[in-house]
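Enquirer: Have a look at this one before I ask anything.
Each value in this text was obtained by applying a stated rule to the coordinates, not by laboratory testing. This one's a predicted model, so the numbers in the text were calculated from it and none came from an experiment. A quick note on method: Cβ atoms are made from the backbone with ideal geometry, for glycine too, and the neighbour counts reach across all protein chains shown.
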Amino acid sequence: MPSGHFGKFGGRFVPEMLIPALEELEVAYESSKKDPEFKKEFLDLLKNFCGRPTPLVFAKNLTEKLGGAKIYLKNEGLNHTGAHKITHCIGQGLLAKRMGKKRIIAETGAGQHGLACATVAAKFGMECVVYMGETDIARQRPNVFWMEQLGAKVVPVEYGNKTLKDAVNAALKDWIENVSDSYYLLGSVVGPHPYPTMTRDFQKIVGEEIQNQLKGAEKKLPDYVVACVGGGSNAMGAFNNFLPLKQVRLIGVEAGGRGTKKGDNAVRFKGGSVGVVEGFKSYFLQDEDGQVMNTHSVSAGLDYAGIGPELAFLKEEGRIEFESVTDKEALDAFKTLASFEGIIPALESAHAMAYALKLAPKLSKKEVIVVNLSGRGDKDLFIVAEAFKDKNFYSFLKDFLKNE
């Protein structure tokens, strides 16, 4: 879209001092898209460093149990670092290197984006600073540990709700102060232009792989593609290739949290309104004064108060449908997928899985659902152990600390 607008959404609403940096980035990206060597290096790294293509797994046991549509799982958790995030981080890391930047700035919620940024910075020999809300640091400690082992500095954000939106604000402040030598590696299809378009373009390989892999397995297109939606990077990656194919229904799944009250979920379309936050125009959960409201989700990656501008546009156009599932439904789906298919999903991905488990029995056996499993569940160990009240795990931790 011209100037980064998707209908009335998107745009570039930033302090004037950041405009030159965004224009520099846009020029570098447009140049890179036309450079065969850039594409060659990007695809080579995806294959030989990240592990693409990720497998499309037929969930035979769940399909038989539910008795309806066939379920396929696009297992993005088998990417290096455990999620789809590494894909656009490699792309943006190559751009940063091409632009001569020496330092990577990032924000993270669930920690998967921060981990991917730290990995890419180590690979390319760059300094890395990751901003992360204190709340998210506490519940995603394994990823914090790994980021630090990779050489990144993880900076706790101690104000606001101490989650992703606050980490974004801190990262933007750093970028304003260090724009000459630093590259802001934004983690989703959000933010000012050109980030939503650029991140989507790097991630669209996910949908391309799904189409090719399912063609080999079923000789047809999927009838449904289902993905969880926080900011929306994994969803746009899975959906983009199917946008012109109207026979494929695209369903984004938001975090229904613990209830319908304000602050208890992150359902942007039912509870939110259009506004301008963090450099772009989209739907946000905000009060009457335009202040961003607190949100909740059992998954640290789905509690973002806004949503990518292209997703907002596609929702209003009727091309993408949005649903939500609760914390409990996501946790039940987490356990179901692990016990029936031997795959432990990230809690974000478990939201998409939960919706698919409700959808599949309503469909015919000829239909096919593809669920984009955006990441694996290692990072959610402490959240899940607490949610399932796993006494053995906490007994182990107490004994371990006692012996230290």
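Enquirer: With point charges of +1 on the Cβ of Lys and Arg and -1 on the Cβ of Asp and Glu, referenced to the Cα centre of the range 262-404, which listed residue (Ala338, Gln286, Tyr394) lies farthest in the positive direction of the dipole?
Expert: Ala338
Enquirer: Explain nothing, just the number: relative contact order of the range 136-214, from Cα pairs under 8 Å at least 6 residues apart, as a whole percent.
Expert: Once divided by the residue count of the range 136-214, the mean separation gives 13 percent.
Enquirer: What net charge is computed for the residues neighbouring Asp44, neighbours being all others with C-beta under 13 Å from the C-beta of Asp44, Lys and Arg scored +1, Asp and Glu -1?
Expert: Net local charge, Asp44 excluded: +3.
Enquirer: Near the amide H of Val57, under 5 Å away, which other amide H atoms are found, from residues 5 or more places off or on another chain, if H is placed in the peptide plane?
Expert: Answer set, sorted by chain and number: Leu73, Lys74, Asn75.
Enquirer: I've got another one for you. Beyond 20 Å, what share of the Cα-Cα pairs of the range 1-145 remains, rounded to the nearest whole percent?
Expert: 62 percent
Enquirer: log10 I(q)/I(0), Debye, Cα-only the range 252-384, no solvent, q = 0.13, 0.16 Å⁻¹?
Expert: Reported log10 I(q)/I(0), two decimals: -0.57, -0.83.
Enquirer: Report ³J(HN,Hα) in whole Hz for each residue of the range 233-240, in order, from the Karplus equation J = 6.51 cos²θ - 1.76 cosθ + 1.60 where θ = phi - 60°; Gly and Pro get x.
Expert: Taking θ as phi minus 60°, the curve returns 5, 5, 5, 5, x, 6, 7, 3 Hz for the range 233-240.
Enquirer: By the gyration tensor of its Cα atoms, with a ≥ b ≥ c the square roots of the eigenvalues, what is the shape of the range 182-278: rounded for a/c under 1.5, prolate for a/b over b/c, or oblate?
Expert: Oblate is the answer for the range 182-278, as a/c is 1.5 or above yet b/c matches or exceeds a/b.
Enquirer: Another question, if that's okay. Mind jotting down the distance between the C-alpha centroids of the range 359-404 and the range 46-120, whole Å?
Expert: Cα centroid to Cα centroid, the span is 18 Å.
Enquirer: Mind checking the range 121-176 for GluC sites (Glu not before Pro) that DSSP puts in a loop (not H, G, I, E or B) and that have at most 12 other Cβ atoms within 10 Å? Each step should come with its number before you reach the end.
Expert: Numbers: sites: Glu127, Glu134, Glu148, Glu158; in loops: Glu158.
Here the GluC sites (Glu not before Pro) that fit, given the DSSP loop and packing criteria, are Glu158.
Enquirer: May I pose another question? Per DSSP H run of n ≥ 4, the term is -39500 (n - 2.57); total these for the chain, divide by its residue number, and report the mean residue ellipticity at 222 nm rounded to 500 deg cm²/dmol.
Expert: -13000 deg cm²/dmol, from helical runs alone.
Enquirer: In whole Hz, what ³J(HN,Hα) sequence does the range 53-58 give by Karplus (6.51, -1.76, 1.60; θ = phi - 60°), x for Gly and Pro?
Expert: x, 7, x, 9, 9, 6
Enquirer: Follow-up question, since we're still on this one. For Cα pairs less than 8 Å apart in space and 6+ apart in sequence, what is the mean separation divided by the residue count of the chain, i.e. the relative contact order in percent?
Expert: Dividing the mean separation by the residue count of the chain yields 20 percent.
Enquirer: Which lysines have a Cα less than 27 Å from the Cα of Lys365, not counting those fewer than 8 places away in the same chain?
Expert: List returned: Lys60, Lys65, Lys70, Lys74, Lys215, Lys219, Lys220, Lys246, Lys335.
Enquirer: Each residue of the range 282-293 in order: what ³J(HN,Hα) in whole Hz does its phi give by Karplus 6.51 cos²θ - 1.76 cosθ + 1.60, θ = phi - 60°, with x for Gly and Pro?
Expert: 6, 8, 9, 7, 9, 8, 5, 8, x, 7, 5, 8
Enquirer: A follow-up question, please. Using modelled backbone amide H atoms (1.01 Å from N, in-plane), which distant-in-sequence or interchain residues come within less than 5 Å of Arg249's amide H?
Expert: The answer is Tyr224, Val225.
Enquirer: Report, by chain and number, residues whose modeled amide H sits under 5 Å from the one on Val189, excluding near sequence neighbours (fewer than 5 apart, same chain).
Expert: Here the answer is Gly232, Ser233, since their amide H atoms fall under 5 Å of that of Val189.
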